[in-house]
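Step one of this worksheet: look at the structure below.
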Amino acid sequence: MVDHALEKLVLELYHENKWRDILDLQNFKDAFEKHRLLWVWPSLEDLDWLKHIISERNVREIVSIGCGSGLLEWLIQKYLGIVVVGVEVDRKWWCSGYSPPLFLKNVHFIDEEDSRFEILPSQAILFCYFNNGSAFLNYVKQYTGRTVIVIGPGEGRGSCTDPVPFDRKFSDLGWKLDAAREIRDTKDYIAVYVR
């Protein structure tokens, strides 16, 4: 039986709105439990860098495709002070007793018949540890905005995503790498593309 000690602690801090304390939990030893909540654990400096990048581009909202639990998105929302909207599939899974809790309250489940969700040109889109290349291509081809953020593993990290932060697909689709940063010393990266 898994006791989910980290999840309990994060939930307690979340309900107390202590997002900075959640950032400090990055050294928690149980990798499975960490990844159940959050694939990348940013530092305050990482969020500050992202805030600078986002404000330079006059982005006021981010749509996170495949947001999972939404913990990263909630942390981004708290620090940047902007709206972050999540997009996910399978509400039944995410509302079941087996899934991690949902931290982001504004999540659209696109596999539901009544779900009509449109990404606006004024919004940036975020893919964090996304792993569906064909869905990624569909989103990016339909997106009429100017900023795509990708968070995921760099070379040698030992993780697989599609897209990866420095994927050739971006240049093939007319996007230019504008800024990038390693998250802590993890070999995970934030890459920002513009067109």
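The values are calculated or read from the model by the stated rules, or taken from the named source; none is laboratory data. Please read all numbers here as calculations on a predicted model, not as lab measurements. Methodologically, a virtual Cβ is constructed for each residue, glycine included, from the backbone with ideal geometry; neighbour enumeration extends over all protein chains shown.
Among the residues examined, ILE119 qualifies as among the aliphatic types (A, V, I, L, M), more than 14 Å from CYS67 (Cα to Cα) and either touching a Ser or Thr at 6+ places or on another chain (Cβ under 7 Å) or in contact (Cβ under 8 Å) with a residue 40 or more places away in the chain (or both). Contact map, segment 37-52: residues that are over 22 Å from GLU7 (Cα atoms) paired with residues that are β-branched (Val, Ile, Thr), Cβ distance under 8 Å, separation 6+ or inter-chain. Pairs shown: ASP46/ILE183; ASP46/ILE190; TRP49/ILE190; LEU50/ILE76; LEU50/ILE149; LEU50/ILE190. So for segment 6-18 (the condition being of a type outside the set (Ser, Thr, Tyr), closer than 30 Å to LEU120 by Cβ and outside any loop (DSSP other than H, G, I, E, B)), does at least one residue qualify? No, the conditions are met nowhere in segment 6-18. Screening segment 57-114 for residues that are assigned to a loop (DSSP other than H, G, I, E, B), farther than 19 Å from ASN131 by Cβ and β-branched (Val, Ile, Thr) and picking the one that is farthest from the chain's Cα centre (by Cα) gives VAL59.
For the residues ILE53, ILE110, the requirement of being at pLDDT below 95, under 23 Å from VAL148 (Cα atoms), crowded, with 18+ Cβ neighbours inside 10 Å and out of contact with any Cys (no Cβ under 7 Å at 6 or more places or on another chain) singles out ILE53. For GLY156, are the conditions met, namely being out of contact with any helix residue (DSSP H, G or I) (no Cβ under 8 Å at 6 or more places or on another chain), assigned to a strand (DSSP E or B) and closer than 24 Å to ASP185 by Cβ? In short, no.
When each of GLY145, GLY174 is tested for being in a loop (DSSP other than H, G, I, E, B) and closer than 27 Å to ASN106 by Cβ, the lone residue that passes is GLY145.
Contact annotation: residue pairs with Cβ atoms under 8 Å, 6 or more positions apart or on different chains, pairing a residue in segment 13-36 that is within 15 Å of LEU72 (Cβ to Cβ) and touching a residue at least 60 places away in the same chain (Cβ under 8 Å) with a partner that is part of a helix (DSSP H, G or I) and of a type in the set (Val, Ile, Thr), are TYR14/ILE22. Considering segment 113-156, and only residues there that are small (Gly, Ala, Ser) and surrounded by fewer than 13 Cβ atoms within 10 Å (Cβ to Cβ), the residue that is modelled with the lowest pLDDT turns out to be SER115.
Counting the residues of segment 141-190 that are under 16 Å from ARG57 (Cβ atoms) and either among the β-branched types (Val, Ile, Thr) or touching a Leu at 6+ places or on another chain (Cβ under 6 Å) (or both) gives 6.
For VAL63, are the conditions met, namely being farther than 19 Å from PRO153 by Cβ and touching a strand residue (DSSP E or B) at 6+ places or on another chain (Cβ under 9 Å)? Judged against the criteria, VAL63 is a match.
What do you reckon, is SER69 among the polar types (S, T, N, Q), in contact with a helix residue (DSSP H, G or I) (Cβ under 7 Å, 6 or more places away or on another chain) and surrounded by fewer than 17 Cβ atoms within 10 Å (Cβ to Cβ)? No: the conditions fail for SER69.
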